[in-house]
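Student: So that we are looking at the same thing, I have put the structure below in structure tokens.
The values are calculated or read from the model by the stated rules, or taken from the named source; none is laboratory data. Since the model is a prediction, treat every value here as computed from it, not as a measurement. We place every Cβ from the backbone using ideal geometry, glycine too, and count neighbours over all the protein chains shown.
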Amino acid sequence: MDTAQAPPESLPNRRIGERIIEGVILVAGISTILIVALIFLFLLKEGINAFLDIPLRQLFGDRWYPIEGIYGLMPLLVGTTLVTIGAVIIAVPLGLVAAIYLGEFAPQWLREILKPLIEILAGIPSIVLGFLGWVALAPLIQNAGADTGLTAFTGSLLLAYMSLPTIISISEDALYAVPREYRDGALAIGATQWQTIWRVVLPAARSGLVIAVMLGIGRVIGETMGVLLVTGNAANMPAFGPGMFFNPVRTMTATIAAEMGEVAQGSLHYSVLFGIGLILFLITFVVNWLAARLVGVSGARTKVGGQV
Amino acid sequence: MSRQQTQRLASVLITLTAVLVFVPVIVVIVYLIWQGIGAISWEFLTQPPRNGMTEGGIWPAILGTLILTMGTALVSMPFSIATAIYLAEYAGDNRLTRTIRMAIVNLAGIPSIVYGLFGLGAFVLAAGFGTSILAGSLTLGIMTMPVVISTAEEAINSVPQQFRTVSLSLGASKWQTIWHQVLPHALPGIITGMILGLSRAAGETAPILFTVAAFYVPTLPTSIFDQTMALPYHLYVIATQVPGMPLKIQYGTALVLLLITLTMTLIATVVRTAVRRRRDW
């Protein structure tokens, strides 16, 4: 706390009132840390039995049959991984190129139409996109020759568009942060616009682009309702190969959403679902922590207004 | 290939890819309106469902979503704005501040279904609120905090330093300066962030699955300890759990939910643009 300019000492009541308010504000700030800790502790409390009571060999086995009391997480981990990889393959090129287009190619008037369009995409509830994936997109994919329209690929496609707003807006900021002089310098020595972007702007914006992709991945891993509706929810181990993207899968998030409503509180199944939540929490925690380390959360956001 | 040809090719490919990104968004919106608009009538918006949900309206679900959104605002707003004031005006460059920022980044990244689990464990079971509007609002409120905190902090930071200097030099205390000078100027930005956060909360399904949402309740909720129907969950159940559900009603429900969240996004965008235009510093 800054104490460079203490208020006048002649107003004791005002000072006490202010101390109280400032105390409340400090508590609010600290509460954010407490909430993260509480979320972790509650997941741990309810989920720990899954890791204590089930032999690790079975827990990471490839059979998920809760009815028979077999809780192998592998099919769910594979499902989440497949859907995530597919979404990344689709969303990263689309998102980065769209950001380049917005930042470097699009005329001003078009940018003012397209940027709100991204906010609209971000504002569509995932259940609405999931619903459209279920009633409209899945039949299209089935007609295209797949055995079923509810596949890992359908989920990837849906999640790719759900993560595009994150990827586009963060990478656009990263491109925008590259100093004008870099572009002017490259263009002045005769580089074309594309050479400038490819050799100068993109490398300079690299760390921001990596963060954009990481946060996009974080969104994809955690998305629930979309994948619940369109991936077919079959907890099988797909045969390894490119064809596995076109089989039904089941993700970790969808498993929690689909099964938590039916389990008895305190049962092993209940603990396992919380255990999956704990794994998801840890994955996103690590992804966000890494992304934040890359930006330097502490250093980058210098105070603009706080130097009183 | 000469570099001019590369330039031309790159520019064409980039434009085509941009088309791939933006056109589907327009298609989705137009398609949903086209399919859903026929279902929307006064009765659809104001009546409860009838005949196993295959007839009638979706009023209880709309009302439930509005109540939950208000509950979310009540939980999220005081905490988030206080935290934003702390970060913008009081926090020094120290370990505590860095930890708080790290916590906010992590809160923003936690999957919504994990918030749902937390709400179930903490509010429904441990606190004993049961499956209730209170438990759902607390869960959604915590989920929206990161968005509201970061936009509010940005709004507070964008108030020019001179405003504070002048106020302090006239003898106002630090808190008086914040309350009378900084917050009024930051208010539109704070409201923008709040509405954006709430529009997200209004559309969320996963956090309310186990904390508040009911498949069907014959009466409207009368207390914060009641369950309620909510639009996102209603859409999920009628699309997947009710056999023989008319498609028209499904599309109509999806359209109503979309219109509610998009209206909120739109209001937030308009407020922000208007404020930026009018800003006189």
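Student: Being more than 7 Å from chain B (Cβ to nearest Cβ) and free of Cβ contacts under 8 Å to residues at least 40 places away in the same chain is the filter here; which residues of region A:31-41 pass it?
Tutor: Once the filter is applied, which keeps residues that are more than 7 Å from chain B (Cβ to nearest Cβ) and free of Cβ contacts under 8 Å to residues at least 40 places away in the same chain, region A:31-41 yields A:34, A:37, A:41.
Student: Quick check: anything in region A:164-177 at positive phi and either away from chain B (no Cβ under 13 Å) or assigned to a helix (DSSP H, G or I) (or both)?
Tutor: no
Student: Right, here's the next one. Write out, first by first residue and then by second, each pair whose Cβ atoms fall under 8 Å of each other, whose residues are 6+ apart or on separate chains, and whose first residue, in region A:170-192, is under 16 Å from residue A:203 (Cβ atoms) while the second is outside any helix (DSSP H, G or I) and not basic (Lys, Arg).
Tutor: That search, which allows pairs on different chains as well, returns A:171/A:205; A:174/A:205; A:175/A:205; A:177/A:205; A:178/A:205.
Student: Can you pull out the residues in region A:182-206 that are among the small types (Gly, Ala, Ser) and farther than 30 Å from residue A:129 by Cβ?
Tutor: Correct list: A:185, A:186, A:188, A:190, A:191, A:204.
Student: Just give me the residues in region B:1-27 being within 8 Å of chain A (Cβ to nearest Cβ) and either among the small types (Gly, Ala, Ser) or within 22 Å of residue B:61 (Cβ to Cβ) (or both), in sequence order.
Tutor: Across region B:1-27, the qualifying residues are B:10, B:11, B:18.
Student: Going through region A:188-209 one residue at a time, which ones are surrounded by 16 or more Cβ atoms within 10 Å (Cβ to Cβ) and either in contact with a His (Cβ under 6 Å, 6 or more places away or on another chain) or under 30 Å from residue A:277 (Cα atoms) (or both)?
Tutor: Across region A:188-209, the qualifying residues are A:208, A:209.
Student: So which of A:192, A:224, A:251, A:231 is touching a strand residue (DSSP E or B) at 6+ places or on another chain (Cβ under 6 Å) and either farther than 20 Å from residue A:148 by Cβ or of a type in the set (Val, Ile, Thr) (or both)?
Tutor: Matching residue, one of A:192, A:224, A:251, A:231: A:231.
Student: Pick out the one residue from A:69, A:61 that is modelled with pLDDT under 90, closer than 15 Å to residue A:266 by Cα and out of contact with any Asp or Glu (no Cβ under 9 Å at 6 or more places or on another chain).
Tutor: Every option except A:69 fails the conditions.
Student: A further question on this structure: Being crowded, with 22+ Cβ neighbours inside 10 Å and touching a strand residue (DSSP E or B) at 6+ places or on another chain (Cβ under 6 Å), is that true of even one residue in region B:190-208?
Tutor: Within region B:190-208 (the criterion being crowded, with 22+ Cβ neighbours inside 10 Å and touching a strand residue (DSSP E or B) at 6+ places or on another chain (Cβ under 6 Å)), the answer is no, since none of the residues qualifies.
Student: For residue B:219, all conditions in the list (1) out of contact with any strand residue (DSSP E or B) (no Cβ under 9 Å at 6 or more places or on another chain); (2) more than 8 Å from chain A (Cβ to nearest Cβ); (3) in a helix (DSSP H, G or I) hold save one; what is the number of the exception?
Tutor: (3) is the only condition that residue B:219 fails.
Student: Which residue pairs have Cβ atoms closer than 7 Å, lie 6 or more positions apart in sequence or on different chains, and pair a first residue in region A:224-251 that is touching a residue at least 24 places away in the same chain (Cβ under 8 Å) with a second residue that is surrounded by fewer than 24 Cβ atoms within 10 Å (Cβ to Cβ) and of a type in the set (Asp, Glu)?
Tutor: A:237/A:62
Student: Could you grab me the full set of residues in region A:18-35 that are of a type outside the set (D, E, K, R), surrounded by fewer than 14 Cβ atoms within 10 Å (Cβ to Cβ) and over 30 Å from residue A:285 (Cα atoms)?
Tutor: Correct list: A:20 only.
Student: Let me ask another. Under 6 Å between Cβ atoms, at least 6 apart or on separate chains: pull out the pairs that start in region A:258-280 with a residue that is more than 12 Å from residue B:120 (Cβ to Cβ) and end on any residue that is small (Gly, Ala, Ser) and crowded, with 17+ Cβ neighbours inside 10 Å.
Tutor: From residues that are more than 12 Å from residue B:120 (Cβ to Cβ), the pairs are A:271/A:47; A:271/A:50; A:272/A:50; A:275/A:47; A:275/A:50; A:278/A:47.
Student: Mind checking which helices (runs of 4 or more DSSP H) fall wholly inside region A:191-231 and carry at least 2 residues that are within 18 Å of residue A:97 (Cβ to Cβ)?
Tutor: Passing ranges, in order: A:193-196, A:206-222.
Student: Looking at (1) closer than 24 Å to residue A:224 by Cα; (2) of a type outside the set (S, T, N, Q); (3) facing another protein chain (nearest Cβ under 9 Å), which is the only condition residue B:171 fails?
Tutor: If we test residue B:171 against (1) closer than 24 Å to residue A:224 by Cα; (2) of a type outside the set (S, T, N, Q); (3) facing another protein chain (nearest Cβ under 9 Å), just (1) comes out false.
Student: Still on this structure, please answer the following. Go through region A:235-255 residue by residue and tally those that are of a type in the set (Val, Ile, Thr) and closer than 15 Å to residue A:67 by Cα.
Tutor: Residues in region A:235-255 being of a type in the set (Val, Ile, Thr) and closer than 15 Å to residue A:67 by Cα: 1 in total.
Student: I'd like the full set of residues that are surrounded by 18 or more Cβ atoms within 10 Å (Cβ to Cβ) and within 12 Å of residue A:123 (Cα to Cα), limited to region B:233-281.
Tutor: Within region B:233-281, B:257, B:258, B:260, B:261, B:262, B:264, B:265, B:268, B:269 meet the criteria.
Student: From the list A:51, A:105, pick out the single residue that is within 9 Å of chain B (Cβ to nearest Cβ) and not β-branched (Val, Ile, Thr).
Tutor: Unique residue meeting the criteria: A:105.
Student: For region B:91-120, what are the residues that are buried (at least 24 other Cβ atoms within 10 Å of the Cβ), without any contact (Cβ under 8 Å) to a residue 60 or more places away in the chain and either more than 7 Å from chain A (Cβ to nearest Cβ) or in a loop (DSSP other than H, G, I, E, B) (or both)?
Tutor: B:110
Residues are listed down the side, and each one gets a yes or a no for (1) of a type in the set (S, T, N, Q); (2) within 30 Å of residue B:105 (Cα to Cα); (3) touching a Cys at 6+ places or on another chain (Cβ under 9 Å):
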| site | (1), (2), (3) |
| --- | --- |
| A:244 | no, no, no |
| A:247 | yes, no, no |
| A:255 | yes, yes, no |
| A:259 | no, yes, no |
| A:268 | no, no, no |
| A:281 | no, yes, no |
| A:289 | no, yes, no |
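Student: To continue, here is another question. Looking for something within 19 Å of residue A:285 (Cβ to Cβ), within 9 Å of chain A (Cβ to nearest Cβ) and in a helix (DSSP H, G or I) - is there at least one such residue anywhere in region B:121-133?
Tutor: yes
Student: Of the residues B:273, B:263, only one is facing another protein chain (nearest Cβ under 10 Å) and either at pLDDT below 85 or assigned to a loop (DSSP other than H, G, I, E, B) (or both); which?
Tutor: Of B:273, B:263, the one residue that is facing another protein chain (nearest Cβ under 10 Å) and either at pLDDT below 85 or assigned to a loop (DSSP other than H, G, I, E, B) (or both) is B:273.
Student: Can you name the number of the only condition in (1) more than 7 Å from chain B (Cβ to nearest Cβ); (2) within 30 Å of residue A:235 (Cβ to Cβ) that residue A:122 fails?
Tutor: Against the list (1) more than 7 Å from chain B (Cβ to nearest Cβ); (2) within 30 Å of residue A:235 (Cβ to Cβ), residue A:122 comes up short only on (2).
Student: Being surrounded by fewer than 21 Cβ atoms within 10 Å (Cβ to Cβ) and in a loop (DSSP other than H, G, I, E, B) is the filter here, so list the residues in region A:234-254 that pass it.
Tutor: Residues satisfying the conditions are A:234, A:236, A:237, A:238, A:239, A:240, A:241.
Student: Let me ask you something else. Is it the case that residue A:185 is surrounded by fewer than 21 Cβ atoms within 10 Å (Cβ to Cβ), in a helix (DSSP H, G or I) and modelled with pLDDT of 85 or more?
Tutor: Answer is yes for this residue.
Student: Quick check on this structure: which one of B:177, B:165, B:151 is polar (S, T, N, Q), more than 10 Å from every other protein chain (Cβ to nearest Cβ) and on the phi < 0 side of the Ramachandran plot?
Tutor: Testing whether each residue is polar (S, T, N, Q), more than 10 Å from every other protein chain (Cβ to nearest Cβ) and on the phi < 0 side of the Ramachandran plot leaves just B:151.
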